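Novice: Sending over a structure as structure tokens; questions will come in a sec.
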Amino acid sequence: MVIIIIAVALLCGCSLFSSPNKKDENEEAKITFFVDGKEYEVVETKEGILSLPTEPSKERYAFGGWFSMENGGGGQLQEGDRISTNTKAYAHWLKIHTVTIDFGGRIAPLYSHAIDGQNFSLGEIITLGYNLEGFYHDAELTSPYQTTQAVYGDITVYGKITPIEYTITYSGLDG
């Protein structure tokens, strides 16, 4: 009798021992992407491989990626990840801060942006008619600004500039 039960189990593809909830590796999974608590897009994997949706945008924020938990927690989902179960993904945002570069009223201020927690590079700034001597944290130009400092809020950086002096010599009215 025991031999008959074993033989029937083998003929039925061992269904007595397999898990009915286990997914086939090639089976599709749905990933639901959320932006600020609202469903943004649902994507199905192709052969278990993830294709990310178009990055969303949000005023005054930079897109920081898709994460398995809200607020950037858990693992970050990447293009090409292998996913075999239905999953939720959440947009993570990085605040963008305004950087004002003040030249003490000698020329108009410049405005740029920096992503929260990242370094801000001043790059090349051209000040026609002036020599640019450096950047400072204060209007008195006593505390040098270090571009290796991370930005965590709107800031003003002060540029020290001095006029370029030219000597012009005239030799008569004929040239």
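The values are calculated or read from the model by the stated rules, or taken from the named source; none is laboratory data. As the structure is a prediction and not an experimental result, all values here were calculated from the model. Heads up, the Cβs are rebuilt from the backbone with ideal geometry, glycines too, and the neighbour counts pull from every protein chain shown. We work out accessible area using only protein heavy atoms, side chains counted, and drop any ligands, DNA or RNA first. Shrake-Rupley method; radii C 1.70, N 1.55, O 1.52, S 1.80 Å.
Novice: So which residues in region 111-124 are without any contact (Cβ under 8 Å) to a residue 24 or more places away in the chain and open to solvent by less than 70 Å² (accessible area, probe 1.4 Å)? Steps first, please.
Specialist: To start, the set of residues in region 111-124 that are without any contact (Cβ under 8 Å) to a residue 24 or more places away in the chain comprises 111-113, 123-124.
Correct list: SER112, GLY123.
Novice: Moving to a separate point now. Can we say ASP81 is within 30 Å of GLU44 (Cα to Cα) and of a type in the set (D, E, K, R)?
Specialist: yes
Novice: Which numbered condition trips up ASN71, out of (1) within 18 Å of LYS95 (Cα to Cα); (2) modelled with pLDDT of 90 or more?
Specialist: Here ASN71 meets the rest and fails (2).
Novice: When you scan region 102-143, how many residues do you find that are charged (D, E, K, R) and in a strand (DSSP E or B)?
Specialist: Keep residues of region 102-143 that are charged (D, E, K, R), which gives 102, 106, 116, 124, 133, 138, 140.
This time we only want the ones that are in a strand (DSSP E or B), so: 102, 133.
The qualifying residues number 2.
Novice: Which count do you get for residues in region 144-166 that are of a type outside the set (S, T, N, Q), in contact with a strand residue (DSSP E or B) (Cβ under 9 Å, 6 or more places away or on another chain) and in a loop (DSSP other than H, G, I, E, B)?
Specialist: Residues that pass the stated criteria total 6.
Novice: Quick test of your reading of the structure: VAL99 fulfils all but one of (1) under 14 Å from the mean Cα position of the chain (by Cα); (2) surrounded by 14 or more Cβ atoms within 10 Å (Cβ to Cβ); (3) part of a strand (DSSP E or B). Name the failing condition by number.
Specialist: Unmet condition: (1).
Novice: Of all residues in region 51-84, which are open to solvent by 80 Å² or more (accessible area, probe 1.4 Å), in a loop (DSSP other than H, G, I, E, B) and not hydrophobic (A, V, I, L, M, F, W, C)?
Specialist: Residues satisfying the conditions are THR54, GLU55, SER57, GLU59, ARG60, GLN78, GLU79.
Novice: Pick from PHE120, PHE103, PHE63: which is modelled with pLDDT under 90 and closer than 26 Å to THR148 by Cα?
Specialist: PHE120
Novice: Taking the conditions exactly as written (closer than 19 Å to HIS113 by Cα, open to solvent by less than 70 Å² (accessible area, probe 1.4 Å) and not charged (D, E, K, R)), does ILE155 satisfy them or not?
Specialist: Judged against the criteria, ILE155 is a match.
Novice: May I ask you to list the residues in region 125-175 that are charged (D, E, K, R), in contact (Cβ under 8 Å) with a residue 12 or more places away in the chain and farther than 30 Å from ALA62 by Cα?
Specialist: Matches in region 125-175: GLU133, LYS160.
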